[in-house]
Amino acid sequence: NGLMRSQDEGDTWTSLMPFAWPDGRALQAYAQVYVSPYEDATHPQALFVSSCERYVIPDATGPKGLIKSTDDGATWTIVPSLEGVPVQYIAFDPNDHSHMVLVTSDMRVYTSSDWGDSWTQVTTSGLTPSTLGMGGSITYNPGGSEVWIDAPTGGIFKSAASDLTSWQDVSHPPGS
């Protein structure tokens with residue numbers, strides 16, 4: 001039915017958006033959709049919704065990318081620099097609230113330094129779709145400046161480089 005919100009522990013629900021992109025394109029049943037509230041007191045009403053294909057249907061059609069709301073879900077805009085990009089997860093820098101990173105379902109990394117209005121793909125070493133498999137989550141280490149990616153079939157990787165160009169495989173040894 002779309003994105004819903006409850007503000008009374010699930011007793012009632014309000015629709016924030018239909019199961020469609022802001023331009024009316026329907027999100028298909030096979031889409032993976034992730035909602036990320038923006039974690040910054042200066043932008044308390046910001047929400048992001050990302051869309052990518054499911055692992056079992058990697059060539060599926062439908063809208064992919066990132067949409068953003070700055071008014072608690074009342075209106076939504078498509079982030080133009082990510083139109084058609086299979087955005088999986090986004091993470092917010094705990095030390096610089098204007099900076100965020102994202103990972104796509106085909107294991108590309110993007111950064112933004114303007115509260116998610118524009119994004120730039122990072123050229124990475126040690127991090128490729130062939131080594132990671134498809135998908136993964138991305139997060140900042142809250143105690144430091146490292147960024148971590150957990151790929152479901154490929155392992156765990158971290159980057160301590162501020163430009164995120166260099167990644168290190170820190171997966172646990174097989175059998176442990």
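With all protein chains present, calculate the accessible area of residue 108 using a 1.4 Å probe and round the result to the nearest 10 Å². Looks like 60 Å² after rounding. Distant-in-sequence amide contacts of residue 20, defined by a placed amide H-H separation under 5 Å and a gap of 5 or more residues or a different chain, comprise 27.
Kindly identify the range 72-115 as rounded, prolate or oblate by the Cα gyration tensor criterion: order the square roots of the eigenvalues as a ≥ b ≥ c, call it rounded if a/c is under 1.5, otherwise compare a/b with b/c, prolate if a/b is larger, else oblate. Here the range 72-115 falls in the oblate category.
Amide H to amide H distances under 5 Å link residue 32 with 52, 53, 54, where only residues 5 or more positions off or on other chains count and H is placed in the peptide plane.
The values are calculated or read from the model by the stated rules, or taken from the named source; none is laboratory data. It should be emphasised that the depicted structure is a prediction, and the values quoted were computed from it without experimental measurement. Areas reflect the complete protein model, heavy atoms only, side chains present, ligands, DNA and RNA absent. Shrake-Rupley method; radii C 1.70, N 1.55, O 1.52, S 1.80 Å.
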